[in-house]
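The values are calculated or read from the model by the stated rules, or taken from the named source; none is laboratory data. These numbers come from a predicted model, not from an experiment. Glycine gets a Cβ as well: all are built from the backbone with ideal geometry, and neighbour counts include every protein chain shown.
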Amino acid sequence: MRKLQRESGENPFVFVSERGTPFSVSGFRRMIERAGQVAGLEIKAHPHMLRHATGYALANQGTDTRTLQAYLGHRNISNTVRYTELTAGRFKNLWKD
């Protein structure tokens, strides 16, 4: 967090309100829920969905499992494997002639 503060020089918080104050946990949750409603999601959106979306996106971009494990902060690799399950796109260019 201190590194982010030094680099930005403006605010030490990643998510801030229009007034520049940090979001509360409940305020952030409400913001994500409203964004899900505006997007027309059929399920209730929650902040942890952002974590899952990041995990799947990185895995689909080819990030190796150990790097993904470290990035997501998983102690047990079995928690990370769900993001790296095979999708059709991961086979593309596997073997080049």
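If you go through segment 60-78 and keep only what is at pLDDT below 90 and surrounded by 13 or more Cβ atoms within 10 Å (Cβ to Cβ), you end up with just Asn60.
Under the condition of being of a type in the set (S, T, N, Q) and outside any loop (DSSP other than H, G, I, E, B), the residues counted in segment 16-44 number 2.
Scan segment 29-44 and report the pairs whose first residue is surrounded by fewer than 11 Cβ atoms within 10 Å (Cβ to Cβ) and whose second residue is of a type outside the set (D, E, K, R), with Cβ atoms within less than 7 Å and a gap of 6+ or a chain change. Cβ pairs passing all conditions: Lys44/Gly36. Taken across segment 67-74, residues that are under 26 Å from Phe23 (Cα atoms) and more than 16 Å from the chain's Cα centre (by Cα) do not occur at all. Among the residues that make up segment 32-48, is at least one of them at pLDDT below 90, more than 14 Å from the chain's Cα centre (by Cα) and of a type in the set (Lys, Arg)? Looking for residues that are at pLDDT below 90, more than 14 Å from the chain's Cα centre (by Cα) and of a type in the set (Lys, Arg), one finds none in segment 32-48, hence no.
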